[in-house]
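Notes for the one structure printed next.
The values are calculated or read from the model by the stated rules, or taken from the named source; none is laboratory data. Everything quoted here is computed from the prediction, not taken from an experiment. Reconstructed Cβ throughout: ideal geometry from the backbone, glycine too, with neighbour counts over all protein chains shown.
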Amino acid sequence: MGADGSNSRVRRHLNPDTGFSILAMEQYVEKQDPHTISIGLSRTYSAGGYYYRFPTSDFDIAGYGDFNTTRETFRQVMQKKGIPEGKIRGAYINMSIDYPLNDHILLIGDAGGFANRSTSEGLFDAFFTAKNAAEAIITNRPFREVNDSVFQKMKHEEWMKSWFYTDRCFKVLKWMCKHPGIIKWIFDTKMRRETRLVKKS
C-alpha cells in the first residue's frame, strides 16, 4: 500500500518517470480576523499558480504554488500580499493522471495523484481512496473497479483544468466574486456530492 504522499517511493518504483507536480510553498503567519479562507488567482502568476491562506487554531497558513515555483517567486507573491518573510516550508503535490495500476500494489491519496486538478485540494480524496482501497482488499475486488468513480473524476478535472486558467474563465471567476451566493452554492454542491459518495459507499 502506497500512502506516502506525492514523493511516494512506492509510486516512483512503479512509475519512475512521473514528474508532473506542483511545488507549494507556505509559511505560518499571524492569525487574522475574521477567520476566513482566501484563494487568489492572477494572470501574473505562472500557469497553474494560485495563492492561498487558511486558518488553524493558532495561526494562519499562507502559501503559493505553481509548476515552477521558486523561493523568489514565493517571496514576491507574499510581499504583494503584505506578508512579512518567514520560515518557508514546501511540499510537492502530484498532478499526474498516469496512475500505475497494479493488482497487488495500491496507491491512495497524494501518492496516487488524486489531488483536485484545479484546486490541488486532496484531503477528501485521500480519505475516500483509502476507504476504496480497504473495500477492494476486504471484498477481493480490483481497485480499478472499486475506485472507478475517482478515476473518472480525475479525467473530468483534467478537462476542467485546461479551461480553468484561460482568460474566459478568469472573466467568469471575476464576475462570480461579485455574487458570493453563487460561490457558496458551488461549494455546498461539492460538499453534498462528497457526502453522497460517502453514504453510498
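Looking at region 138-161, is at least one residue assigned to a loop (DSSP other than H, G, I, E, B), loosely packed, with under 11 Cβ neighbours inside 10 Å and modelled with pLDDT of 90 or more? For region 138-161, residues assigned to a loop (DSSP other than H, G, I, E, B), loosely packed, with under 11 Cβ neighbours inside 10 Å and modelled with pLDDT of 90 or more: present. Within region 165-181, identify whether any single residue is assigned to a helix (DSSP H, G or I), at pLDDT below 80 and basic (K, R), and answer yes or no. No: region 165-181 contains no residue that is assigned to a helix (DSSP H, G or I), at pLDDT below 80 and basic (K, R).
Taken as a whole, the condition of being within 18 Å of G49 (Cβ to Cβ) and touching a strand residue (DSSP E or B) at 6+ places or on another chain (Cβ under 9 Å) applies to A115. For the subset of region 1-24 comprising residues that are closer than 9 Å to Y92 by Cα and not in a strand (DSSP E or B), which member is modelled with the highest pLDDT? Looking at the filtered set, the residue picked out is G5.
Would it be correct to say that S118 is in contact with a Gly (Cβ under 6 Å, 6 or more places away or on another chain), small (G, A, S) and in contact (Cβ under 8 Å) with a residue 24 or more places away in the chain? So S118 does not fit the description; no. Restricting attention to region 1-33, the residues being among the acidic types (D, E) and touching a helix residue (DSSP H, G or I) at 6+ places or on another chain (Cβ under 8 Å) number 1. Counting only residues that are without any contact (Cβ under 8 Å) to a residue 60 or more places away in the chain, small (G, A, S) and surrounded by 19 or more Cβ atoms within 10 Å (Cβ to Cβ), how many does region 22-78 have? Selection size over region 22-78: 4.
Rundown of residues vs (1) among the charged types (D, E, K, R); (2) out of contact with any Cys (no Cβ under 9 Å at 6 or more places or on another chain); (3) over 21 Å from E194 (Cβ atoms), yes/no style:
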{"position": "R53", "(1), (2), (3)": "yes, yes, yes"}
{"position": "F74", "(1), (2), (3)": "no, yes, yes"}
{"position": "H104", "(1), (2), (3)": "no, yes, yes"}
{"position": "N116", "(1), (2), (3)": "no, yes, no"}
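Among I97, I93, which is touching a helix residue (DSSP H, G or I) at 6+ places or on another chain (Cβ under 7 Å), hydrophobic (A, V, I, L, M, F, W, C) and not in a strand (DSSP E or B)?
Working: I93 fails: not in a strand (DSSP E or B).
Exactly one of I97, I93 is touching a helix residue (DSSP H, G or I) at 6+ places or on another chain (Cβ under 7 Å), hydrophobic (A, V, I, L, M, F, W, C) and not in a strand (DSSP E or B), namely I97.
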